[in-house]
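The values are calculated or read from the model by the stated rules, or taken from the named source; none is laboratory data. Note that the structure is a prediction, hence the values are computed from the model and not measured. Backbone-built Cβ (ideal geometry, glycine too); neighbour counts: all protein chains shown.
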Amino acid sequence: MEHYSMNLTLKVWKQKNATAEGNFETYQVKDISSEMSFLEMFDVLNEQLIHEGKDPIAFDHDCREGICGMCSMYINGRPHGPWHGTTTCQLHMRAFKDGDTIVVEPWRANAFPVVKDLVVDRSAFDRVIQSGGYISVNTGVSVDGNTIPIERENADKAFAAAACIGCGACVAACKNSSAMLFVSAKVSHLALLPQGDVERKNRVLNMVAQADKEGFGSCTFTEACEAVCPKEISITNISRLNSEYLKAGLSADKAH
Amino acid sequence: MKWSDFFTSSVGKKLIMSLSGLFLIAFLVVHVGLNACIWAMDDGVMFNKAAHFMGANVVPRVLEIGLFAGFLLHIIQGLALEFQNRSNRKKGYAVKMGSKGSAWYRKSMGLLGTLILLFLIMHISHFWVPSRITGLEPTYIDGKEYHDLFGRMAAVFTDNIGIVILYVLGCISLAWHLVHGFQSAFRTLGLTNHKYIRLINGLGIGFSIIVPLAFALMPISFYMGWV
Amino acid sequence: MLDSKIPAGKLEDKWTDYKGHCKLVNPANKRKLEIIVVGTGLAGASAAASLGELGYRVKAFCFQDSPRRAHSIAAQGGINAAKNYQNDGDSVFRLFYDTIKGGDYRSREANVHRLAEVSVNIIDQCVAQGVPFAREYGGLLNNRSFGGTQVKRTFYAAGQTGQQLLIGAYQALERQVALGSVQMFSRHEMLDVVMIDGKARGIIARDLISGKVERHFGHAVLLCTGGYGNVFYLSTNAMGSNVTAAWKAHKRGAYFGNPCFTQIHPTCIPVTGDHQSKLTLMSESLRNDGRIWVPKKQNDPRKANDIPEDERDYYLERRYPAFGNLVPRDVASRAAKERCDAGYGVGTTKQAVYLDFRYNLINKYGRAEASKHGIENPDQETLVRLGKEVVKEEYGNLFDMYEKITGENPYEVPMRIYPAVHYTMGGLWVDYELMTNIPGLYALGEANFSDHGANRLGASALMQGLADGYFVIPYTIGNYLADEIATKPIPITHEAFEKAEAGVTERINKLMNIKGSQSVESFHKRLGKIMWEKCGMARNAKGLTEAIGEIQQLKKEFWSDVRIPGGIEEMNTELDKAGRVADFMELGELMCKDALERNESCGGHFREESQTEEGEALRNDDQYMYVAAWESKGDSNWQLHKEELKYDMIKPTQRNYK
């Protein structure tokens, strides 16, 4: 792989805090190696800003290997940037050319208010999980793990759904700011396993109700979420959620 | 869970769109089948008879009420959903996603639907209103009096290129609306098996091409003098 | 000598006896007791959830925006458990033995045995929570093997086991949040432990959004804050992983155990340049199917695929025929360093070796698949195609990750890998009950000096984190809190809280007022360089002595010339980082001191002065059969306490993986 270095123009959203008005700031960075990750390029920029006595850009990041789900930049009109199945932290600078202008914005959705610069508040996701995204077992169960065999296909599908990292790119990409890919990934993960069967009705009803309450929109199957999901969570999960919802809603016989 | 909760949740609202959409799709089948009678090459006899049946018999008349209800439900809920969904992102992006990852028509159901609505208003005023309310010229078949809807079609379309174009555009909007709507309706109802999803996708695309094409050919047929 | 409060009796009965006799807190009293849990990784989330389920009132803290993001999530390969589902001779004893031996006889027998015992419960618990472990076609749980063992006992979920386990614990935690038994404080960082009458009674934490400093009371405080590998700047840890919570506890009197025991993981993506901010691990599970080699010729300029089979040196298979590519991590890392130092390294920097899947892709998986599909005499192309599919299923996400970072396709060319800092076996000293020497202050998971001795075996960190949180602390904390039921919640206006908060505020002000010229990052990089070069994979007295001086110098420079932009009462990531780096510097010094004091090689701690003729780590059991527990005595000043390690069941020998 050939390496090269580049000079770039960055237009980055700056916003002092949740209540402040924000605006785009333009920055120049020089001699960026194609081997750098996108966030390492931001490190370089921030070092530069600190030396110039300016405020560095706040952005969320932690594991930098694409699994914690913390990083969340909307790069040139796409959550997590141009690569498919990739988080911002896994995006590398070889995706760009010398002289490029890169526009970086925070996730935009009423349910994800901006905290500072590129940092948004995604606690809505935690509350959606609190509303039912779990199996109610206390620590100390004594049933052996191999007591219930699980069909390999279902186990694989459950895993594929459980791979969701809760980054919120699906919401950021969706024209409706819908969180259905996120919600459906959790509903599917648990509905596909025998252990999750007991609570499946309440789970889907409550999680959808909570997502609605948080201000996420409804799914109109535009498929933008699936296209930007760094873990390539399938949109079929949303169909599964709908099916679960339909079954639960039609059969549940208890006022909520 | 109460029905009101069920149908007002984000999933429930989509269910309404899905069910009413499928109902309207069923209507399209009836409509296109009936209208195809214009190609019977009998100067509209069969067509006028069929139209008469639909207008005179009690069953289609009752169904017609349902049809209007279906339209209203689909339109009102659709517009409400569109505005609600848009309001979930008060502050938008400077660089739009455009069609990255999502085809334009999938994101434009509200727009396409509105175009179809405008078309629909014109269409109703051309045919349904005269037929049911203001009255049409009578025509006589075997001595019996019928509304001359065929004649009305000829009057509207022949020598009227502007209207024909508007109708064709309406059909194109309908086609794109259906390409997304047909399969989306089934996914909203919970279709997860990829085997069936592929089948529905194929059926949907076929339906979205054939039905609007047939509709579009009707004004063209009159304009070109094929019937 | 330190008392580790190991229960009397036979090793295999100790835990059962303990559970049968420890003090209990009745349900009504549990509701009156408050527990603070700092950190929400596997240990923290599982502890907070379990304690909440029991009825305690729990406050959980994490610095990330959600508890689900703790770095346990990045663990790839798997979790060990002595289930013996594979019928290959595994047992609690064997897991216990492997762990003790893997740790080079520097861990506590009783703790490790308990760990092996509860390992089986962990799997059951996780399955019940809905963790989607890999399964066989028959629907039963699948296993793979990991380094330092000869059985297949590792449960996994593709290359995302840590993620799946953490999500399981996170969901259990969120359930308790919903039920009101756990109160969650995300984007909060603990900055001090509050001590009242010699007991831990709360913490001072900073809200990282508003910048405000807060006081929180607890009858007990649990630190589940992970390891301190980031002292090396470059490591496989997350950017935010830090030692601050543990270090503040240490400054308040908690002993720090075996700080120099660091695990250098053999299979990481090599460093490419100065810009690099972190290193990425390639799971040890890859060594199940990947073969490690270097060219037989020094400085061989050829591309990997152009080097014929007989000109490749599969040095691990050559040196350790019994364990081959699956020797423990410390052994594999040193062997890689040895080859690279001798001039056989590959890649542009020559600081890398190959991890090659081609052989098993074709011969193991390709052939098996061909046979399954009834293809007789398959050609090479078919074998590669079929093998790829299986390898993709097993390690797909890791291969993708590698390709994203390096731009090379590991299905086609061998991966280039090199050792990198990954885990710290050292940590806060704890007794059998996971309590530090401060009453009421506990340390769980990687944050404690732990069960892994001088080297941790693969797939054991997840096991330990969950064992501590799910199955150990719910019992042992009761034994302490049973005597605290009469203690009323202490108001946070108490003098001790005020003083502690004042201390924290003063330090923040001091940092902000330096207004120097160098960035926090630049100091961290320099610290990392000192640590890696002088307290890294190979250590010697001269280097360590130098390192101590250099760190002290660096520390002085930091406190007089660091520049932190922004303000205090706002979100200020540079300020957060500055506090952490300041603590890392103090810790770095202690690590070097500990490494210098331990003039033997054991596990990951390799003193060049102490090695066998073949270059293996040479222990000195006569002098160093102890846990070094350091007590802070002020600036750059520590006192060493020792906990003697007694082996009743196992006789320590020179480790042998040949």
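So which pairs qualify, if the first residue must be in the stretch B:57-72 and among the hydrophobic types (A, V, I, L, M, F, W, C), the second must be assigned to a helix (DSSP H, G or I) and surrounded by 14 or more Cβ atoms within 10 Å (Cβ to Cβ), the Cβ gap must be under 6 Å, and the two must be at least 6 apart or on different chains?
B:Leu67/B:Phe27
Conditions (1) in contact with a Leu (Cβ under 8 Å, 6 or more places away or on another chain); (2) modelled with pLDDT of 95 or more; (3) surrounded by fewer than 24 Cβ atoms within 10 Å (Cβ to Cβ); (4) not in a loop (DSSP other than H, G, I, E, B), marked per residue:
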{"position": "C:Asn242", "(1), (2), (3), (4)": "no, yes, no, no"}
{"position": "C:Ala254", "(1), (2), (3), (4)": "yes, yes, no, no"}
{"position": "C:Leu286", "(1), (2), (3), (4)": "yes, no, no, yes"}
{"position": "C:Trp293", "(1), (2), (3), (4)": "no, yes, no, yes"}
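Can you pull out every residue in the stretch C:52-63 that is assigned to a loop (DSSP other than H, G, I, E, B), buried (at least 24 other Cβ atoms within 10 Å of the Cβ) and not hydrophobic (A, V, I, L, M, F, W, C)? Before the answer, list the steps.
First, pick out the residues of the stretch C:52-63 that are assigned to a loop (DSSP other than H, G, I, E, B): C:55-56, C:62-63.
Retained after the next criterion (residues that are buried (at least 24 other Cβ atoms within 10 Å of the Cβ)): C:56, C:62-63.
Selection gives C:Tyr56 alone.
If you take the residues of the stretch B:1-15 that are among the aliphatic types (A, V, I, L, M) and assigned to a helix (DSSP H, G or I), which of them is surrounded by the fewest Cβ atoms within 10 Å (Cβ to Cβ)?
If we filter the stretch B:1-15 for residues that are among the aliphatic types (A, V, I, L, M), which is where we start, we get B:1, B:11, B:15.
Now drop any that are not assigned to a helix (DSSP H, G or I), which leaves B:11, B:15.
Numbers: B:Val11: 29, B:Leu15: 22.
Looking at residues that are among the aliphatic types (A, V, I, L, M) and assigned to a helix (DSSP H, G or I), I get B:Leu15.
Within the stretch A:72-87, take every residue that is touching a strand residue (DSSP E or B) at 6+ places or on another chain (Cβ under 7 Å) and crowded, with 22+ Cβ neighbours inside 10 Å and give me the one that is nearest to the other protein chains (Cβ to nearest Cβ).
Ranking the candidates gives A:Tyr74 first.
Which ones in the stretch C:184-215 are closer than 19 Å to C:Gly44 by Cβ, away from every other protein chain (no Cβ under 14 Å) and surrounded by fewer than 22 Cβ atoms within 10 Å (Cβ to Cβ)?
C:Glu214
Can you confirm whether the stretch C:403-415 contains a residue that is of a type in the set (Asp, Glu), out of contact with any helix residue (DSSP H, G or I) (no Cβ under 8 Å at 6 or more places or on another chain), away from chain A (no Cβ under 13 Å) and not in a strand (DSSP E or B)?
No, the stretch C:403-415 contains no residue that is of a type in the set (Asp, Glu), out of contact with any helix residue (DSSP H, G or I) (no Cβ under 8 Å at 6 or more places or on another chain), away from chain A (no Cβ under 13 Å) and not in a strand (DSSP E or B).
Go through the stretch C:363-383 and report how many residues are under 21 Å from C:Leu398 (Cβ atoms) and buried (at least 19 other Cβ atoms within 10 Å of the Cβ). Even if it seems obvious, please write down each step before you answer.
So in the stretch C:363-383, the residues under 21 Å from C:Leu398 (Cβ atoms) come out as C:363-366, C:368-369.
The next check asks that each one be buried (at least 19 other Cβ atoms within 10 Å of the Cβ); those that pass are C:365-366, C:369.
Total satisfying the criteria: 3.
How many residues are touching a residue at least 40 places away in the same chain (Cβ under 8 Å) and more than 7 Å from every other protein chain (Cβ to nearest Cβ) when one looks only at the stretch A:132-158?
So the count comes out to 2.
Mind checking which helices (runs of 4 or more DSSP H) fall wholly inside the stretch B:21-115 and carry at least 3 residues that are touching a helix residue (DSSP H, G or I) at 6+ places or on another chain (Cβ under 9 Å), surrounded by fewer than 15 Cβ atoms within 10 Å (Cβ to Cβ) and among the hydrophobic types (A, V, I, L, M, F, W, C)? Break it down stepwise before answering.
Numbers: elements: B:45-56, B:58-87, B:104-107.
Correct list: B:58-87.
Kindly indicate which of C:Ala178, C:Ala200 is in contact (Cβ under 8 Å) with a residue 40 or more places away in the chain, small (Gly, Ala, Ser) and in contact with a helix residue (DSSP H, G or I) (Cβ under 9 Å, 6 or more places away or on another chain).
Result of the check over C:Ala178, C:Ala200: C:Ala200.
Name the single residue that is farthest from C:Ala336 (Cα to Cα) among those in the stretch C:346-402 being of a type in the set (Phe, Trp, Tyr) and touching a Ser or Thr at 6+ places or on another chain (Cβ under 9 Å). Give the derivation first.
Residues of the stretch C:346-402 of a type in the set (Phe, Trp, Tyr): C:354, C:357, C:359, C:365, C:395, C:399, C:402.
Restricting the remaining residues to those that are touching a Ser or Thr at 6+ places or on another chain (Cβ under 9 Å) gives C:395, C:402.
Details: C:Tyr395: 22, C:Tyr402: 19 Å.
Applying the filter and picking the extreme gives C:Tyr395.
Out of contact with any His (no Cβ under 9 Å at 6 or more places or on another chain) and more than 28 Å from C:Leu544 (Cβ to Cβ) - does that describe any residue in the stretch C:238-259? Walk me through how you get there before you give the answer.
Step one: list which residues in the stretch C:238-259 are out of contact with any His (no Cβ under 9 Å at 6 or more places or on another chain), which gives C:242, C:244-254, C:257, C:259.
From what's left, more than 28 Å from C:Leu544 (Cβ to Cβ): none.
No: zero hits.
Could you check the stretch C:500-515 and list, in sequence order, the residues that are surrounded by 14 or more Cβ atoms within 10 Å (Cβ to Cβ) and either of a type outside the set (A, V, I, L, M) or within 30 Å of the chain's Cα centre (by Cα) (or both)?
Kept after step one, since they are surrounded by 14 or more Cβ atoms within 10 Å (Cβ to Cβ), are these residues of the stretch C:500-515: C:500-501, C:503-505, C:507-508, C:511-512, C:514.
Correct list: C:Ala500, C:Glu501, C:Gly503, C:Val504, C:Thr505, C:Arg507, C:Ile508, C:Leu511.
Pairs only if they're at least six apart or on different chains, beta carbon under 9 angstrom, first in the stretch B:172-183 and within 12 Å of chain A (Cβ to nearest Cβ) and free of Cβ contacts under 8 Å to residues at least 24 places away in the same chain, second surrounded by fewer than 22 Cβ atoms within 10 Å (Cβ to Cβ) and not in a helix (DSSP H, G or I); list them, first residue then second.
Pairs found: B:Gln183/B:Leu191.
List the helices (runs of 4 or more DSSP H) inside the stretch A:194-256, counting only whole elements, that have at least 1 residues being among the β-branched types (Val, Ile, Thr) and free of Cβ contacts under 8 Å to residues at least 40 places away in the same chain.
Details: elements: A:200-214, A:224-228, A:236-251.
Fully inside the stretch A:194-256 and qualifying: A:200-214, A:236-251.
Here are some residues: B:Ala56, B:Ala94, B:Ala69, B:Ala51. Which one is of a type in the set (A, V, I, L, M) and at the interface with chain A (Cβ under 7 Å from one of its Cβ atoms)?
Values: B:Ala56 fails: at the interface with chain A (Cβ under 7 Å from one of its Cβ atoms); B:Ala69 fails: at the interface with chain A (Cβ under 7 Å from one of its Cβ atoms); B:Ala51 fails: at the interface with chain A (Cβ under 7 Å from one of its Cβ atoms).
After ruling out the rest, the residue left standing is B:Ala94.
The conditions are (1) away from chain A (no Cβ under 14 Å); (2) outside any helix (DSSP H, G or I), and C:Thr16 fails exactly one of them. Which is it?
With respect to (1) away from chain A (no Cβ under 14 Å); (2) outside any helix (DSSP H, G or I), C:Thr16 is out only on (2).
Would the stretch A:16-35 turn up any residue that is out of contact with any Ser or Thr (no Cβ under 8 Å at 6 or more places or on another chain), buried (at least 19 other Cβ atoms within 10 Å of the Cβ), over 23 Å from C:Arg69 (Cα atoms) and within 11 Å of chain C (Cβ to nearest Cβ)?
no
Looking only at the stretch C:67-88, filter to residues that are under 14 Å from C:Thr161 (Cβ atoms) and within 12 Å of chain A (Cβ to nearest Cβ); which one of those is surrounded by the most Cβ atoms within 10 Å (Cβ to Cβ)?
Going through the stretch C:67-88, the residues under 14 Å from C:Thr161 (Cβ atoms) turn out to be C:71-81.
Next cut, within 12 Å of chain A (Cβ to nearest Cβ) only: C:71-76, C:79, C:81.
Details: C:His71: 27, C:Ser72: 32, C:Ile73: 27, C:Ala74: 24, C:Ala75: 28, C:Gln76: 27, C:Ile79: 30, C:Ala81: 29.
Within the stretch C:67-88, the match that is surrounded by the most Cβ atoms within 10 Å (Cβ to Cβ) is C:Ser72.
Please enumerate the residues belonging to the stretch A:224-234 that are more than 8 Å from chain B (Cβ to nearest Cβ) and of a type in the set (A, V, I, L, M, F, W, C).
Within the stretch A:224-234, the first condition is being more than 8 Å from chain B (Cβ to nearest Cβ), and the residues that meet it are A:225, A:229-234.
Hits for the stretch A:224-234 are A:Cys225, A:Cys229, A:Ile233.
When the residues of the stretch A:98-115 are filtered to those that are surrounded by fewer than 24 Cβ atoms within 10 Å (Cβ to Cβ) and at the interface with another protein chain (Cβ under 7 Å from one of its Cβ atoms), which remaining residue is nearest to B:Gln84 (Cα to Cα)?
A:Asn110
Going residue by residue through the stretch A:213-223, is there one that turns out to be over 17 Å from B:Gly190 (Cα atoms), basic (Lys, Arg) and either surrounded by 24 or more Cβ atoms within 10 Å (Cβ to Cβ) or within 9 Å of chain B (Cβ to nearest Cβ) (or both)?
Kept after step one, since they are over 17 Å from B:Gly190 (Cα atoms), are these residues of the stretch A:213-223: A:213-217.
Next, only the ones that are basic (Lys, Arg) stay: A:213.
Those left that are additionally either surrounded by 24 or more Cβ atoms within 10 Å (Cβ to Cβ) or within 9 Å of chain B (Cβ to nearest Cβ) (or both): none.
No, the conditions are met nowhere in the stretch A:213-223.
What about C:Val118, is it surrounded by fewer than 24 Cβ atoms within 10 Å (Cβ to Cβ), within 11 Å of chain A (Cβ to nearest Cβ), assigned to a helix (DSSP H, G or I) and under 25 Å from the mean Cα position of the chain (by Cα)?
Details: surrounded by fewer than 24 Cβ atoms within 10 Å (Cβ to Cβ): yes; within 11 Å of chain A (Cβ to nearest Cβ): yes; assigned to a helix (DSSP H, G or I): yes; under 25 Å from the mean Cα position of the chain (by Cα): yes.
Yes; evaluated as a whole, the condition is true for this residue.
Regarding C:Asp90, is this residue touching a residue at least 60 places away in the same chain (Cβ under 8 Å) and in a loop (DSSP other than H, G, I, E, B)?
Working: touching a residue at least 60 places away in the same chain (Cβ under 8 Å): yes; in a loop (DSSP other than H, G, I, E, B): yes.
Yes, satisfied.
What are the residues in the stretch A:116-130 that are farther than 24 Å from A:Leu205 by Cα and more than 9 Å from chain C (Cβ to nearest Cβ), if any?
Once the filter is applied, which keeps residues that are farther than 24 Å from A:Leu205 by Cα and more than 9 Å from chain C (Cβ to nearest Cβ), the stretch A:116-130 yields only A:Leu118.
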